[in-house]
Amino acid sequence: MRVDPAVALRGGLAVPGDKSISHRALLLGALAEGESEVRGFGASEDTLATADALRALGVDVEITGDTARVTGAGLRGLRPPVGPIDCRNAGTLMRLLAGVLAGQDGRFRLVGDESLSRRPLERVAAPLREMGATIETTDGHAPLILESGPLRPIRYELPVASAQVKSAVLLAGLFAKSGPTVVVESLPTRDHTERLLEAAGTRLGRKPGEAAVWPVERLRPLSLDVPGDFSSAAPFVAAATLLAGSELRLHGVGVNPTRIGFLGVLERMGARVSLFNRRTMGGEPVADLAVAHAELVATEVLASEIPRLVDELPLVALVAGMARGETVVRGAGELRLKESDRLETLKNVLRPLGVRVSTKGDELRVRGVPTRPRGGGTVDAAGDHRMAVLAAIAGLVSREGVEVSGAESVAVSFPDFFPVLDSVALR
Ligand code: S3P
């Protein structure tokens, strides 16, 4: 896919429903009693993998446009399919489903694509074993075989800041013989599971750094409006900030504080992003965003900020490349464990375009120059959707554009990314 430079981004757009919330809404809908309706569902390859996994487990999931309807099988109503459950590229699905299946009768085998099969699973298997499930991983990776046992509640201190691990433990806690099951986190990660569990009628205890869940008899079906995905909005925010003359509005974007660390970093760098028309949708804060071009200065991103912008860090590297001065990002090691080793991939994507980025261990450094990167040539997204988006935005703000190989992987999170980009790009 060829991405030509744009003069500016102008106009307005809406991004698809939040991927993290869409996965979770289907999973909880499957466990509820009755029919759940999820409006603004973010249909993508990842969330459709969740729909198919649930169908394989005997749940009726119907998706029409951006509405998903799930006929819940009840709390313990999922049935093992004959074959394996294919989680494809979706780490969120595999990890959260492991928590859900820990409470079901039977033996389940979870598999994933090549990328997912390289990602760590022991971080989920370990606490679920501690609760009483029998889990075998393949050297710490997928395929994973899981069999439930009577589950006991645990108090689990997250060794890594991961919302996926937190969510798996909380979901398994629904099936424990007593409560509470407590997850302690030293850095706040996204809290969509907690918010949705509350919407489904579970007893949840929340205090800073801690979430506790009690077992339930049954879950209420959801009737939910999903906010726009901040992680799909972020590339547009970055591009509008970088391109002189841009004026862009993004409608109905989720602005959950555990997700919008990127805005804080941009603000420190001098960006002009305003949030207005704040409201609540499906228990989540939502706003419209207005973005105008701004000159940026370098910043330092602390390890404590990472969980709030983990999926946006590649974009931080890009904007830092056009900011005055040297930007340092500390404690970014989790990036190596995503759909690709994103610290390596982002270097492979940005360097050929002329962005001066380097990594050392879990640290990222970018020497910025306040001018468009050169661009030109072909870069490989390594089959990673966020890297394909990064490459596209880098080409858009460059002087010569770029050919993105593997651009089709944007469909993992945002199938219409390119048409939406074209609708606001002034060329
Ligand atoms: C997600 C959590 C994050 C994030 C991923 C989605 C979720 O992963 O990178 O894209 O929906 O819970 P970790 O929690 O493993 O960091």
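When region 123-146 is examined, which residues are found to be farther than 16 Å from L96 by Cβ and of a type in the set (D, E, K, R)?
Within region 123-146, R129, E130, E136, D139 qualify.
What's the number of the only condition in (1) within 16 Å of the ligand (Cβ to nearest atom); (2) farther than 17 Å from P235 by Cα; (3) in contact (Cβ under 8 Å) with a residue 60 or more places away in the chain that D341 fails to meet?
(3)
If you check A212, A238, A233, which single one turns out to be within 16 Å of V310 (Cβ to Cβ) and more than 16 Å from the chain's Cα centre (by Cα)?
Going through A212, A238, A233 in turn, just one is within 16 Å of V310 (Cβ to Cβ) and more than 16 Å from the chain's Cα centre (by Cα): A238.
Please go through region 359-384 and give me each residue that is under 20 Å from F414 (Cα atoms), crowded, with 22+ Cβ neighbours inside 10 Å and in contact (Cβ under 8 Å) with a residue 60 or more places away in the chain, ordered by number. First the steps, then the outcome.
First, pick out the residues of region 359-384 that are under 20 Å from F414 (Cα atoms): 379-384.
Then keep just the ones that are crowded, with 22+ Cβ neighbours inside 10 Å; that gives 379, 381, 384.
Passing the criteria: only D384.
Which residue is nearest to the ligand (Cβ to nearest atom), if the candidates are limited to region 202-226 and must be among the basic types (K, R) and closer than 30 Å to P16 by Cβ?
Selected residue: R206.
What number of residues within region 58-109 are more than 16 Å from the ligand (Cβ to nearest atom) and either within 15 Å of L171 (Cβ to Cβ) or not hydroxyl-bearing (S, T, Y) (or both)?
Initial filter on region 58-109 (more than 16 Å from the ligand (Cβ to nearest atom)): 58-86, 101-109.
Within this subset, residues satisfying the condition of being either within 15 Å of L171 (Cβ to Cβ) or not hydroxyl-bearing (S, T, Y) (or both) are 58-63, 65-66, 68-70, 72-86, 101-109.
Looking only at that region, the number is 35.
Is there a residue being on the phi > 0 side of the Ramachandran plot, in contact (Cβ under 8 Å) with a residue 60 or more places away in the chain, outside the structural domain of L158 (by TED's automatic domain parsing) and in contact with a strand residue (DSSP E or B) (Cβ under 6 Å, 6 or more places away or on another chain) anywhere in region 216-234?
Checked against the condition, which is being on the phi > 0 side of the Ramachandran plot, in contact (Cβ under 8 Å) with a residue 60 or more places away in the chain, outside the structural domain of L158 (by TED's automatic domain parsing) and in contact with a strand residue (DSSP E or B) (Cβ under 6 Å, 6 or more places away or on another chain), region 216-234 yields no hits at all.
Can you go through A323, A332, A298 and tell me which one is within 12 Å of R365 (Cα to Cα), out of contact with any His (no Cβ under 8 Å at 6 or more places or on another chain), away from the ligand (no atom under 13 Å from the Cβ) and among the hydrophobic types (A, V, I, L, M, F, W, C)?
Exactly one residue qualifies, and that residue is A298.
Any chance you could count how many residues in region 1-24 are assigned to a helix (DSSP H, G or I) and of a type outside the set (S, T, N, Q)? Walk me through how you get there before you give the answer.
Of the residues in region 1-24, the ones assigned to a helix (DSSP H, G or I) are 19-24.
From what's left, of a type outside the set (S, T, N, Q): 19, 21, 23-24.
So the answer is 4.
When you check E35 against the structure, is it within 16 Å of the ligand (Cβ to nearest atom) and of a type in the set (D, E, K, R), yes or no?
Taking the combined requirement at face value, the residue does not satisfy it.
If you take the residues in region 216-235 that are part of a loop (DSSP other than H, G, I, E, B) and hydrophobic (A, V, I, L, M, F, W, C), which one is farthest from R24 (Cα to Cα)? Can you show your working first?
Start the filter on region 216-235 by keeping residues that are part of a loop (DSSP other than H, G, I, E, B), which leaves 216-218, 220-222, 226-227, 229.
Next, from what is left, pick out any that are hydrophobic (A, V, I, L, M, F, W, C): 216, 222, 226.
On the way: V216: 17, L222: 11, V226: 11 Å.
Filtering first and then ranking leaves V216.
Do we have G252 as more than 16 Å from the ligand (Cβ to nearest atom), in contact (Cβ under 8 Å) with a residue 60 or more places away in the chain and small (G, A, S) here?
yes
Only residues that are aliphatic (A, V, I, L, M) and within 12 Å of the ligand (Cβ to nearest atom): list them for region 15-30, please.
Within region 15-30, I21, A25, L27 meet the criteria.
Go through region 336-353 and report how many residues are more than 19 Å from A90 (Cα to Cα) and either hydrophobic (A, V, I, L, M, F, W, C) or outside any helix (DSSP H, G or I) (or both).
Count: 5.
So, in region 312-337, of the ones that are free of Cβ contacts under 8 Å to residues at least 40 places away in the same chain and touching a helix residue (DSSP H, G or I) at 6+ places or on another chain (Cβ under 7 Å), which residue ends up surrounded by the fewest Cβ atoms within 10 Å (Cβ to Cβ)?
So the residue we want is R336.
Is it the case that E35 is in contact (Cβ under 8 Å) with a residue 40 or more places away in the chain, acidic (D, E), in the same structural domain as L116 (by TED's automatic domain parsing) and surrounded by fewer than 24 Cβ atoms within 10 Å (Cβ to Cβ)?
Yes; evaluated as a whole, the condition is true for this residue.
Find all pairs meeting these conditions: Cβ atoms under 7 angstrom apart; at least six residues apart or on different chains; first residue within region 11-30 and touching a residue at least 40 places away in the same chain (Cβ under 8 Å); second residue among the basic types (K, R) and more than 15 Å from the ligand (Cβ to nearest atom).
G12/R249
Which one is farthest from R259 (Cα to Cα) among residues in region 187-201 that are in contact with a helix residue (DSSP H, G or I) (Cβ under 9 Å, 6 or more places away or on another chain) and more than 16 Å from the ligand (Cβ to nearest atom)?
It comes out as A200.
The values are calculated or read from the model by the stated rules, or taken from the named source; none is laboratory data. Everything quoted here is computed from the prediction, not taken from an experiment. Heads up, the Cβs are rebuilt from the backbone with ideal geometry, glycines too, and the neighbour counts pull from every protein chain shown.
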